[in-house]
Amino acid sequence: MPTLTRLYTMQEAALHNTREDCWVVVDGKVYNVTNYLDEHPGGDDVLIAATGKDATDEFEDAGHSKSAREIMEEYCIGELDPSAPAIPELEIYSKNQSTDPLKKMMEVTTQYWVVPIAIVSISVVAGFLYLRTK
């Protein structure tokens, strides 16, 4: 069994998600299965679909044998870093966003009134043009 010396984040492992470079995460361990794709009995698409997330449930649901688990150890390249968050927190910011609640309410109210006002305006113009042709 190889010595696990490297810690990876889920984000690092998720970057390796192609047929030419495929890593999967099962039970806290990171596996580089690129060279095993052609040999995998379930097909390479199963392994590629397991990238970018913790595939432990999928692995266990497939009912892998003891020999499959032994083969898997050959491809182990490290472990997930337990201190790293599983999902990075995203900060969403826009320069156009207003922090004033009254201004936000006015923006929303304006958006909801644009369509009805446009419909009424078009109806008035169409009615005026219709009456003018008579």
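The values are calculated or read from the model by the stated rules, or taken from the named source; none is laboratory data. Here the structure is a predicted model, which means the values were calculated and not measured. When we count neighbours, we look across all protein chains shown, and the Cβ atoms used for this are built from the backbone with ideal geometry, even at glycine.
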**Asked** Restricting the range 74-108 to residues that are modelled with pLDDT of 90 or more and acidic (D, E), which is surrounded by the most Cβ atoms within 10 Å (Cβ to Cβ)?
**Response** E79
**Message:** Looking at the range 29-73 only, could you name the residues that are of a type in the set (D, E, K, R), outside any loop (DSSP other than H, G, I, E, B) and surrounded by 13 or more Cβ atoms within 10 Å (Cβ to Cβ)?
**Reply:** K29, D44, D54, E58
**Request:** Can you run down the residue pairs with Cβ atoms below 9 Å, 6 or more apart or on separate chains, where the first is in the range 15-42 and among the basic types (K, R) and the partner is part of a strand (DSSP E or B) and surrounded by 16 or more Cβ atoms within 10 Å (Cβ to Cβ)?
**Result:** K29/C76; K29/I77; K29/G78; K29/E79; K29/L80
**Asked** From V25, V30, V46, which residue is over 18 Å from E74 (Cα atoms) and of a type in the set (V, I, T)?
**Response** V46
